[in-house]
Protein chains: 2
Amino acid sequence: MTDSTPSGPRARAYEIVLSAVERDIATGRLRVGDRLPGERDFAAQLGVSRPSVREAVRALEAMGVVRAAVGQGTDGGTIVIPGSSTALTRLLRLHIGLSTFPMPDAIDARVMLERWSCRLAAQEATPEELDLLRETLASMRRPDISHAEFNDLDTRFHVQIADAGHNRLVADMTTAIRDAMHWWIMQSFAQRDDWDDLVIELRAGHEAVFESIEAHRPAEAAERVEAHIRSSYALLHWTRGTD
Amino acid sequence: MTDSTPSGPRARAYEIVLSAVERDIATGRLRVGDRLPGERDFAAQLGVSRPSVREAVRALEAMGVVRAAVGQGTDGGTIVIPGSSTALTRLLRLHIGLSTFPMPDAIDARVMLERWSCRLAAQEATPEELDLLRETLASMRRPDISHAEFNDLDTRFHVQIADAGHNRLVADMTTAIRDAMHWWIMQSFAQRDDWDDLVIELRAGHEAVFESIEAHRPAEAAERVEAHIRSSYALLHWTRGTD
């Protein structure tokens, strides 16, 4: 059962598989829609065990790069997929959770990303994209809204702006950072007894940002989103979860 | 051998493990330095197989969140580690390689990140950090420099600026995007016969950026790095690798 230990030769073998796939993607030999060799063949080709191949495939799956097709068993069926932002979100959420990146750095990075997105959105948002933002703001005005619903809509508002900026990488990074903070924002909400006042302030911040985007005033939109983000964290008395 | 298929119940079981770890990190129950339960216990606790646990641990390892300690075998020994940027770099490199993010988006994102870093570096760089930048520029002036050496120093220059901005998340994202483009930049270099002229232009761009940072002129540093990045891609006749 040496094969089942989570370290040693197996760890190195797993790195060999990962590196081989990385190299093939970097050089364009492996593209979206291509299949990896079957587990048996791939293992033989690289001189590693089949479990090592399987673990590397799992890691690539977690990174959103491949998907194991159903029911293919030993003949492979692992396909390179058009990546989604889910993997980036998950990775940043984990790392922000572990404070790989200190919270003030994450907040500043968020300001940078959202200033950029707002500027682009003010220049490029389509009427349909403006409508989506309007709908989100309308939902946030519901008087009976719960903390969780408000937080979800808040996230949605920021993600819709990022989407309206039409840069997928910037939008995904924005989403990932906002999403990574979801839990702590909910914690902060739960600890407050002045929820109604807080919501009034947060809503006003959103409305101001939207006004600038709608009026195609990029510089003003950037200033307003920065003011909104910084004052939100101040309002939430930002601290790490103490649980 | 149903257990060895890369999909089906096992895929779901592996997600269960991943989600459990994610939740514990998000809520702060699992912190840097903590150990995951041993493979056997963890599997029993979550009602999944041991191979499922092992695969999830590999995925977490690939995301730079845990490290399997050597020689612990069935008793666990998987430790939550202070994350490194390597995982983020790898993930972005894979996704840019697969065009999850179109190259123009990646270039614009790079401009955004480096404008921000240059502005911060012009305000905050220490004398030691300025010395490091000076050394890198001096090395780039070596007349016999190879394409690969030049590209490595070019990357180093941009990473040193990002580091001098003192925001770890922004620095890591900058590094990851620059690194993800390494292979295509090398391809572009290789396809050119006017290497000497190209190097003169790239060097001038770097020197101009450094001058603004050294003189503590943030707005000018931001403008100059954007001009440098955009003209570099134009100079390299940016196209995706055709291999």
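The values are calculated or read from the model by the stated rules, or taken from the named source; none is laboratory data. This one's a predicted model, so the numbers in the text were calculated from it and none came from an experiment. Neighbour counts are summed over all protein chains in view; Cβ atoms, including those assigned to glycine, are modelled from backbone coordinates with ideal geometry.
May I ask you to list the residues in the range B:43-63 that are in contact (Cβ under 8 Å) with a residue 24 or more places away in the chain, part of a helix (DSSP H, G or I) and more than 11 Å from every other protein chain (Cβ to nearest Cβ)? Of everything in the range B:43-63, just one residue is in contact (Cβ under 8 Å) with a residue 24 or more places away in the chain, part of a helix (DSSP H, G or I) and more than 11 Å from every other protein chain (Cβ to nearest Cβ), namely B:Leu46. Give the residue that is surrounded by the most Cβ atoms within 10 Å (Cβ to Cβ), with candidates limited to residues of the range B:161-200 that are of a type in the set (Gly, Ala, Ser) and within 23 Å of A:His95 (Cα to Cα). Looking at residues that are of a type in the set (Gly, Ala, Ser) and within 23 Å of A:His95 (Cα to Cα), I get B:Gly165. Only one of the listed residues (B:Val21, B:Val66, B:Val53, B:Val111) is of a type in the set (A, V, I, L, M), modelled with pLDDT of 85 or more and assigned by TED's automatic domain parsing to the domain that holds B:Glu226. That residue is B:Val111. Take the range A:32-45 and flag every residue that is closer than 16 Å to A:Glu22 by Cβ and over 33 Å from the mean Cα position of the chain (by Cα). Residue satisfying the conditions is A:Gln45 alone.
What residue, of B:Ala13, B:Ala59, is aliphatic (A, V, I, L, M), closer than 12 Å to A:Leu94 by Cβ, at pLDDT below 90 and outside the structural domain of B:Arg178 (by TED's automatic domain parsing)?
Working: B:Ala13 fails: closer than 12 Å to A:Leu94 by Cβ.
Residue meeting the stated conditions: B:Ala59.
Looking only at the range B:86-132, count how many residues are assigned to a helix (DSSP H, G or I) and farther than 16 Å from A:His166 by Cβ.
We begin by selecting, within the range B:86-132, every residue assigned to a helix (DSSP H, G or I); these are B:86-97, B:103-124, B:127-132.
Still in the running and farther than 16 Å from A:His166 by Cβ: B:86-97, B:110, B:113-124, B:127-132.
So the count comes out to 31.
Is it fair to say B:Leu169 is aliphatic (A, V, I, L, M), free of Cβ contacts under 8 Å to residues at least 24 places away in the same chain and farther than 17 Å from B:Val209 by Cα?
Working: aliphatic (A, V, I, L, M): yes; free of Cβ contacts under 8 Å to residues at least 24 places away in the same chain: yes; farther than 17 Å from B:Val209 by Cα: yes.
For B:Leu169, the condition - aliphatic (A, V, I, L, M), free of Cβ contacts under 8 Å to residues at least 24 places away in the same chain and farther than 17 Å from B:Val209 by Cα - is met.
Among the residues of the range B:84-141, the ones that are surrounded by 17 or more Cβ atoms within 10 Å (Cβ to Cβ) and among the acidic types (Asp, Glu) come to 4 in all. Evaluated against (1) at pLDDT 90 or above; (2) surrounded by fewer than 20 Cβ atoms within 10 Å (Cβ to Cβ), B:His158 falls short on exactly one condition, (2).
I'm trying to understand the selection: among the residues of the range A:19-31, which are surrounded by 16 or more Cβ atoms within 10 Å (Cβ to Cβ) and at the interface with chain B (Cβ under 10 Å from one of its Cβ atoms)? Step through it out loud before you land on a result.
As a first pass, look at the range A:19-31 and keep what is surrounded by 16 or more Cβ atoms within 10 Å (Cβ to Cβ): A:20-22, A:24-26, A:28, A:30.
Scanning the range A:19-31 gives A:Val21, A:Glu22, A:Asp24, A:Ile25, A:Ala26, A:Gly28, A:Leu30.
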